[in-house]
Every structure is written in structure tokens, then in C-alpha cells.
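Q: I have a structure here, written as C-alpha cells, and I will follow up with some questions on it.
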Amino acid sequence: MPTSSRPPFARRKLSIEELREYLFHGLQIPTRDLSGLSFDGEDLTKAKFLDCDLSGADFRGARLDKAAFTMCDLPGARFDEMSLSRFSLVSCEAAEASFAGATLSDCQTAGTSLAGADFGEAKLLRCAFAKSPLTGASFEAAELETVAVLQSDLTDVVFRTASLLMVFLTEADLRTADLSQTRLQQVLLIDGDLRGHTFAGQSLENCTMMKANLDGVDLRGANLANSIFMDSSLRQANLSGIEGSKAIFNGADLTQADFTGSKLDMANFSGATLHHASFADCRMPIAQFERADLRAAAFDRADLSHANFANAHAEGASLRNVKLKQTSLHMVDLDSTFSEGSTGTVKGTDPHRAVAEHYNSFKVRLAE
């Protein structure tokens, strides 16, 4: 069983009867040994444990609302099927602790190791894990809603069949995580890594991924409507056949990404890198490609009605047999593209706008 990395202190054994005295007088329980004890039937509401050994303790059947554990050892502790509210673990060692089937609301951990912990079928509402290693922890079939996982190690974590609603993750390396059949709704991932995963046919609607790495990820047929992938990397990702209406890819690297046959109404690719990307047979009216790098990208047979390509770099891009309708090609060099068989109307370069852009406020130094 894991042991604490902190230097040992003399922890005097404390009986349940003595514990009750501490609680009756509202005292903090400092540097005591309560390892292996069962707290069934005990009222530990607002209890404050400091530097205690609670290894293998069984809290099932106890009341722990607003209880606080600081610098405590809780490896193998049992919290199964409990209802925990405003419960906190700060700088604790709680490897392989079990919260299976528990309901946790407004709970938080900070600087606490939960490696191998079991949250299977648990319900977590408005909880936070800050700098708390969750290596090998299991959230299988769990329900997480409004949960923050901040700078925590998620190596080999299991989210299989779990539901993640409004979950916020930062610096999350999920390459080895089990995300099979995980339901992701309104998830916010910042500076995360999802390489190696497949989300084919799954729904990531209304999710936000900023500065995330999804290189080579399989998203075939996924629902990405209203999702955001700003400043993320999706190099060689497979996005064919997706529902991507109103999706945002501003500043993303989509080099060699495949969007073939996707629905991208009002999608935004402004400032994105799309070298050799494929948009063949896509439906993308009112899509935005302003200042995007579209060199050697393919749009063959796409519907580009009312799309905006203003100031895009399109050298070597293929626009063969595309449908155009008032499509904006302001400052786009059509002579460097392949546009055989294209039909419809375009809006060419606006000379007044071009002059205004050339002398914009960011390029003009005013006299002092």
C-alpha cells in the first residue's frame, strides 16, 4: 500500500471514544493514528483532520459533510456509496481510495494524490481536482457535471462510458486515457493532448478545445456543431463527414486534415493553416476563411455560397466545380488557383478596402 513521502511524526493512536471528545469540543484532530478504523455511524460533520494516519479507514456509514483532511494519509480509505458535500482533501495521500457509487457535491482536492482511486459510478457535481495526480484512477460509468480538473496527471485514467458535462480540464495529457464510449458535452480542454484517440460517430457538440493537440485524431462522422478548436493542432486529422455547423477553427493548424463530405455551414477557419487540407464535396455556405493559409487545399465540388475568403493565401488551391454565390474573394489571387468548372458569382477585390487595410492603424506610426 502506498506510503506518505512526508517525514514521519509520532502519531499517537486515537480511539473512537477519544475522537468523539475532540469533535464534541469542536477541536482539530492533529497528528493522530486512526488507521484501519471503521467510522460507521459516526457524525464527522465539519471534522478537521491534520497530519493524521487514516490508512485503510472505512468511512462508510459516517457523516462527512464539510469535513476537511489536510496532510493526511488515506491510502485505501473507503468512501463507497457515501453522500459527501463540501468535503476537502488538501496535500493528502489517498492512493487507491474508493469513492465507488458515492455522490460528491462541492468537494475539492488540492495537491492530493488519488492514483488508482475508484470513482466508478460516482456522481460528481461542482467538484475540483487541482494539481491532484489521478494516475490510473477510474471514473468508469461516472457522471461528472461542472467539474474542474486542473494541472492533474491523468495518465491511464479511465473514463469509459462516463458522462462529462461542463467539465474543465487544463494541461491534461489524455493520450493513455480510456475514453471509449465517453459522452462529452460542453467540455472545455485547454492545452490538452488527445492524440491517438478516436471519436468517430460521437458527439462533441458545444465542446471547446484551445491550444489542444488532436493530430491524427479520428473524428469521422462526429457531431462538432458549435464546438471550438481555437489555436489547436489537428494535423492529418480525419474529419470527413462531420456535422460542423458554426464550428470555430480560428488559428488552428489543419495541415492535411480531411473534411471530405462534411457539413460546415457558417464554420470559421479565419487565420487557420490548411495546407493540403481537403474540403471536397463539403457544404459550407457562409464559411469564413479570412486570412487563412489555403495553399494546395482542395475544395472540389464544394458549396461555397456566401463564403468569405478575403485575404486568404490560396496558391495552388483547387476550386474545381465549386458552387459560388456572392463568394468573397477579396485580395485572393485567382490566377494561382485551379478553378475549372466552377459556377456562380463572386465578389472580387474591393480597392477601397485594400487601401484601408494597407494603411491600417497597426502599420501607421503617428507623430508624437
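The values are calculated or read from the model by the stated rules, or taken from the named source; none is laboratory data. Keep in mind the model is a prediction, meaning the values are calculated, not measured. When we count neighbours, we look across all protein chains shown, and the Cβ atoms used for this are built from the backbone with ideal geometry, even at glycine.
Q: Name the one entry in Leu154, Leu165 that is among the aliphatic types (A, V, I, L, M), within 23 Å of Val217 (Cα to Cα) and surrounded by fewer than 17 Cβ atoms within 10 Å (Cβ to Cβ).
A: Leu165
Q: Regarding the range 239-260, can at least one residue be identified that is closer than 21 Å to Leu150 by Cβ and hydroxyl-bearing (Ser, Thr, Tyr)?
A: The answer is no; no qualifying residue exists.
Q: Could you check Leu189 against (1) at pLDDT below 95; (2) crowded, with 23+ Cβ neighbours inside 10 Å and say which number it fails?
A: Checking Leu189 against (1) at pLDDT below 95; (2) crowded, with 23+ Cβ neighbours inside 10 Å, the one that fails is (1).
Q: I need the full set of residues from the range 140-165 which are in contact with a strand residue (DSSP E or B) (Cβ under 6 Å, 6 or more places away or on another chain) and closer than 18 Å to Ala122 by Cα, in order please.
A: Glu140, Glu143, Leu144, Glu145, Val147, Ala148, Val149, Val158, Arg160, Ser163, Leu164, Leu165
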